[in-house]
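One structure below.
The values are calculated or read from the model by the stated rules, or taken from the named source; none is laboratory data. This is a predicted model, so every value here is computed, not measured. Every residue, glycine as well, gets a Cβ built from its backbone with ideal geometry; the counts of neighbours run over all protein chains shown. For accessibility, only protein heavy atoms count, side chains too; no ligands or nucleic acids. Shrake-Rupley method; radii C 1.70, N 1.55, O 1.52, S 1.80 Å.
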Amino acid sequence: MLDRIPPASSGDIATYGAARQVRETERVASGFRLASLHGLPATPPAEVLHALDGAARVDEELRSRGLNVSFDVQPQGGVRVRLVDGGGSTVRELGPSEALDALGDTHSLDALGV
């Protein structure tokens, strides 16, 4: 007789199934490469990856301050860019080029006044 071994529950089985699914997703994703199409590279250039890293750092900093960036395409064709708080209220409106500079990690968020 086995002592101190808890009975299996359906929750344990669901957790095991979810873990298997995550493992399979990771296995498939680890070999992910885009097919080269009409001379386009299979992976993004280093400068694109660097820009994405910079934008991710800015996004993380904004989130740590309880802020988000909202991009709204206007009916007349322009783009409205706003810094919004957790409740969706506008903290500051930005010009598109100012927003791109901030997200491109070329200016400090303090320069935006947040």
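Looking at the stretch 40-59 only, could you name the residues that are within 12 Å of ALA102 (Cα to Cα) and open to solvent by 70 Å² or more (accessible area, probe 1.4 Å)?
Matches in the stretch 40-59: ARG57 only.
Considering the stretch 85-103 alone, what residues qualify as being outside any strand (DSSP E or B) and in contact (Cβ under 8 Å) with a residue 24 or more places away in the chain?
Matches in the stretch 85-103: ALA99, ALA102, LEU103.
Those residues that are open to solvent by 60 Å² or more (accessible area, probe 1.4 Å), closer than 27 Å to GLU47 by Cβ and under 18 Å from the mean Cα position of the chain (by Cα), I need them from the stretch 69-100; list them, please.
Passing the criteria: PHE71, LEU100.
Could you run through the stretch 62-102 and say how many residues are among the hydrophobic types (A, V, I, L, M, F, W, C) and either touching a His at 6+ places or on another chain (Cβ under 6 Å) or more than 17 Å from VAL114 (Cα to Cα) (or both)?
Qualifying residue count, the stretch 62-102: 3.
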